[in-house]
Amino acid sequence: MVEQNEPFIPFHLPDIGEDEIHSVVETLRSGWLTTGLKTKQFETEFADWIGASHAVALNSCTAALHLALEAVGVSEGDEVIVPTMTFAATAEVVHYCRAVPVLIDCQGDTLNIDPHAIEQAISPKTKAIIPVHFAGQPCEMDRILELARSRNIAVIEDAAHALPAKYHGEMVGTLGDITCFSFYATKTMTTGEGGMATTENAEWAERMRILSLHGISRDAVNRYTPEGSWYYEICYPGYKYNLTDMASALGIPQLRKCHEFREIRHRYAMRYNEAFNDMPEVIVPQVNNDIEHAWHLYVIQLDLERLRIGRDQIIDLLKQRGIGTSVHFIPLHLHPYYRNNNMSSSSKKFSVANQAFTRIISLPIYPKMTDADVQRVIEVFTRIIQDHRR
Ligand SMILES: *Cc1c(COP(=O)(O)O)cnc(C)c1O
């Protein structure tokens with residue numbers, strides 16, 4: 001049995017080392033705190049690392065998604081296809097553009113957006129699709145891009161979980177029209193708050209850059225360094241979405257550790273798989289062929305028919321025994337806003353997401369965990385399942 005006095009294993013902890021602390025302190029001492037040369041450096045390193053032509057640093061993935069939609073021209077009355085199995089941000093940005101999010105169902109095994117459901121949801125008003133690479137596993141991009149390209153629909157990827165991930169040998173960030181990453185505190189690398197948009201299209205990159213800072217044509221470096229001048233022009237009514245140099249100073253060393261972090265998460269995912277594979281009550285994450293999973297999340301599905309207690313009780317027991325977990329996600333169509341606004345018309349439309357929602361638990365998986373922590377999660381979880389078999 002688990003010792004009562006063992007420390008709690010939180011659902012997530014960021015991995016911040018001396019490199020990061022030193023880098024941020026250096027920026028604090030430099031006298032230049034907000035968007036400047038550090039952010040430029042972060043963008044350049046990020047674009048190189050992904051293999052993308054352009055990277056625009058922003059203060060969140062939500063901001064990146066919003067500007068991506070604006071860049072490709074989503075406007076009032078347009079429809080944007082969004083999976084219901086996602087976080088609030090993926091759909092709310094569609095509202096920012098006064099467009100309409102069209103929620104659709106996911107696939108039962110990967111919990112990724114269902115290409116068949118995309119095809120059925122496409123209408124003459126469809127302007128964009130936002131696939132979410134759930135848990136860090138790339139969506140079926142070949143099918144999605146084929147559906148979109150033949151109809152002149154933009155593909156904006158929500159890659160908040162997918163850093164780093166590969167699809168058929170190619171990095172996520174080089175596949176669709178614009179890809180949006182998150183550096184929120186719980187993501188695979190962090191700047192506290194932050195995000196990045198990558199694209200091959202120079203015009204979209206420039207538009208996002210200008211919109212990110214009040215729609216002004218020249219950024220602060222150009223204006224306030226000795227080479228710059230006081231003159232600027234407002235080209236659009238823009239936003240305040242720029243990333244600070246303090247955040248970028250944190251992001252640069254984090255990015256350099258990103259592969260190493262992924263290796264550790266991958267190793268932990270394989271240990272979980274091995275431990276749970278033979279338990280009929282537990283369905284381990286399904287991974288497609290020819291992809292590289294970022295393993296941002298490790299989401300198991302319970303076979304509730306084989307258990308005497310439900311998902312919520314299992315989460316409570318895990319918590320009582322010192323393990324933090326989470327649920328990704330409460331499908332959007334079940335939330336009051338989307339329910340009340342009739343965006344979820346028939347719940348039959350979401351039968352896969354509805355069923356998955358009752359069965360999913362996200363177990364802790366991050367490089368700050370030790371091998372012993374992983375072992376403890378395995379033992380505690382296995383014990384709870386064994387004790388509640390039907
Ligand atoms: C975290 C998350 C976001 C939002 O990222 P922020 O950087 O916090 O704006 C968007 N989509 C998904 C799927 C996420 O998990």
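The values are calculated or read from the model by the stated rules, or taken from the named source; none is laboratory data. Values in this document were obtained by computation on a predicted structure and should not be read as measured data. Methodologically, a virtual Cβ is constructed for each residue, glycine included, from the backbone with ideal geometry; neighbour enumeration extends over all protein chains shown.
Things to note:
- Residue match in the stretch 71-80 (condition: modelled with pLDDT of 95 or more, out of contact with any Lys or Arg (no Cβ under 7 Å at 6 or more places or on another chain) and within 13 Å of the ligand (Cβ to nearest atom)): no
- For the stretch 10-58, the tally of residues that are assigned by TED's automatic domain parsing to the domain that holds THR191 and in contact with a Gly (Cβ under 6 Å, 6 or more places away or on another chain) stands at 4.
- Within the stretch 56-107, the set of residues being of a type in the set (Phe, Trp, Tyr) and in contact with a strand residue (DSSP E or B) (Cβ under 9 Å, 6 or more places away or on another chain) comprises PHE87 only.
- When we screen ILE283, ILE264, ILE291 for residues that are under 13 Å from THR110 (Cβ atoms), surrounded by 15 or more Cβ atoms within 10 Å (Cβ to Cβ) and more than 18 Å from the chain's Cα centre (by Cα), the only hit is ILE283.
- Hits in the stretch 165-190 - residues which are under 27 Å from PRO237 (Cα atoms), within 13 Å of the ligand (Cβ to nearest atom) and crowded, with 24+ Cβ neighbours inside 10 Å: THR179, CYS180, PHE181, SER182, PHE183
- Contact map, the stretch 247-263: first residue under 13 Å from GLY17 (Cα atoms), second residue among the polar types (S, T, N, Q) and in a helix (DSSP H, G or I), Cβ cut-off under 6 Å, separation 6 or more or different chains; pairs are ALA249/SER23; ALA249/THR27; PRO253/SER23.
- Per the conditions (1) in contact with a strand residue (DSSP E or B) (Cβ under 8 Å, 6 or more places away or on another chain); (2) not in a loop (DSSP other than H, G, I, E, B), the sole criterion not satisfied by LYS348 is (1).
- First in the stretch 86-104 and more than 12 Å from TYR338 (Cβ to Cβ), second anywhere and part of a loop (DSSP other than H, G, I, E, B) and basic (Lys, Arg), Cβ under 9 Å, 6 or more apart: ALA99/LYS125
- Screening THR35, THR27, THR39, THR62 for residues that are crowded, with 18+ Cβ neighbours inside 10 Å, over 21 Å from ILE210 (Cβ atoms) and at pLDDT 95 or above leaves exactly one candidate, THR27.
- Criterion applied to LEU211, LEU147 was being within 21 Å of GLN120 (Cα to Cα) and out of contact with any Lys or Arg (no Cβ under 7 Å at 6 or more places or on another chain), and the one residue passing it is LEU147.
- Of the residues screened, CYS97 is one that is under 27 Å from THR191 (Cβ atoms), touching a helix residue (DSSP H, G or I) at 6+ places or on another chain (Cβ under 8 Å), away from the ligand (no atom under 11 Å from the Cβ) and not polar (S, T, N, Q).
- Every residue from the stretch 135-158 that is free of Cβ contacts under 8 Å to residues at least 60 places away in the same chain and within 15 Å of the ligand (Cβ to nearest atom): CYS139, GLU157
- Any hit, the stretch 177-185, residues being touching a helix residue (DSSP H, G or I) at 6+ places or on another chain (Cβ under 9 Å) and of a type in the set (S, T, N, Q): yes
- Enumeration of residues in the stretch 191-204 that are more than 9 Å from the ligand (Cβ to nearest atom) and surrounded by fewer than 21 Cβ atoms within 10 Å (Cβ to Cβ): GLY192, GLU200, ASN201, ALA202, GLU203
- So GLY238, is it in contact (Cβ under 8 Å) with a residue 24 or more places away in the chain and within 16 Å of the ligand (Cβ to nearest atom): no
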